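Let me begin by presenting the structure, written as structure tokens, before commenting on it.
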Amino acid sequence: MTQDLFDTHEDGRLRLGDQAFVLRGLARDRAGALLEAVATVARCAPLRRMQTPGGYTMSVAMTNCGVLGWTSDRRGYRYAPVDPLSGQPWPPMPPPLRRLAADAAAARGFAGFEPDACLINEYRPGTRLALHQDRDERDFAAPIVSVSLGMDAVFLFGGHARGDRAMPVPLTHGDVVVWGGVDRLRFHGVRPLRDIPHPLLGSRRINLTFRKAG
Ligand code: MD3
Ligand code: FE
């Protein structure tokens, strides 16, 4: 990957790939409302560490809102309409979350993004996410929007093969990333989090990932 893909635009956008962008601080002034909405979701559908098909416990704690939620257990990864912990549908996607996702997608050329799934990831010091692709969704034409809140993280933006060199991208509170099209199936991950407590969230990072899954 060449350095010109890494140029910062004058308005605070950073281009990672042909169709992958960081929108620095886009969610910053809405963070309070977003975190309130996340707390409401987590009261109905608590954050939990899921099992992988291989029998490991993920280090990220997860929950979902929206019509579909991403889950993992010994039987595999999938999107499902019901929270396996409660047997109830996932909580509805709160309007402030839905709006932010649509605004961010539209700002980068993906008008009319209507996510049906919002995965909520909670990181604590040491939590990491191994390199993977997001390929459990039905529709790869829709973009993915992700919002970082709380502690800083180093996101790893890889290529189309697992072994491709990954570019480290520091993400901070309020940053939003939009990717779609040719960059939709890139490998990506998150380095183990360092403990530098954040004023709003303490020793936690919350990442929201909006997808069209069904
Ligand atoms: C890059 N979450 O939940 S969002 C995930 O910070 C996940 O919690 C990360 O990866 C987090 O699956 C990063 C990112 C993301 C999603 C899809 C991508 C990055 C992507 C697709 C292509 C390239
Ligand atoms: Fe992912």
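The values are calculated or read from the model by the stated rules, or taken from the named source; none is laboratory data. Since this is a predicted model, take the numbers as computed values, not measurements. Positions of Cβ are generated from backbone atoms using ideal geometry, with glycine treated the same way; all protein chains shown enter the neighbour counts.
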Restricting attention to the range 67-123, the residues that are under 13 Å from residue 209 (Cβ atoms) and either among the charged types (D, E, K, R) or under 14 Å from the mean Cα position of the chain (by Cα) (or both) number exactly 16
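Condition test on residue 70, is it in contact with a Pro (Cβ under 8 Å, 6 or more places away or on another chain), closer than 21 Å to residue 134 by Cα and modelled with pLDDT of 95 or more? If you could, list the steps in order and put the result at the bottom.
On the way: in contact with a Pro (Cβ under 8 Å, 6 or more places away or on another chain): no; closer than 21 Å to residue 134 by Cα: yes; modelled with pLDDT of 95 or more: yes.
For residue 70, the condition - in contact with a Pro (Cβ under 8 Å, 6 or more places away or on another chain), closer than 21 Å to residue 134 by Cα and modelled with pLDDT of 95 or more - is not met.
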Within the range 45-62, take every residue that is in contact with an Asp or Glu (Cβ under 8 Å, 6 or more places away or on another chain) and free of Cβ contacts under 8 Å to residues at least 60 places away in the same chain and give me the one that is surrounded by the fewest Cβ atoms within 10 Å (Cβ to Cβ).
53
State which residue pairs qualify: first residue closer than 16 Å to residue 207 by Cα and in a strand (DSSP E or B) and inside the range 120-148, second residue within 13 Å of ligand 2 (Cβ to nearest atom) and of a type in the set (D, E, K, R) in any location, beta carbons under 8 Å apart, and separation of 6 or more residues or different chains.
144/134; 144/184; 144/211
Might you check whether a residue that is buried (at least 18 other Cβ atoms within 10 Å of the Cβ), at pLDDT below 95 and more than 12 Å from the chain's Cα centre (by Cα) occurs anywhere in the range 125-140?
yes
Enumeration of residues in the range 177-205 that are of a type in the set (A, V, I, L, M, F, W, C), closer than 20 Å to residue 21 by Cα and more than 15 Å from ligand 2 (Cβ to nearest atom):
182
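Scan the range 33-44 for residues that are surrounded by fewer than 15 Cβ atoms within 10 Å (Cβ to Cβ) and under 16 Å from the mean Cα position of the chain (by Cα) and jot them down. If you could, list the steps in order and put the result at the bottom.
So the first thing to find is which residues in the range 33-44 are surrounded by fewer than 15 Cβ atoms within 10 Å (Cβ to Cβ), and the list is 36, 39-40, 43.
Of everything in the range 33-44, nothing turns out to be surrounded by fewer than 15 Cβ atoms within 10 Å (Cβ to Cβ) and under 16 Å from the mean Cα position of the chain (by Cα).
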From 201, 185, residue being surrounded by fewer than 22 Cβ atoms within 10 Å (Cβ to Cβ) and more than 27 Å from residue 111 (Cβ to Cβ)
201
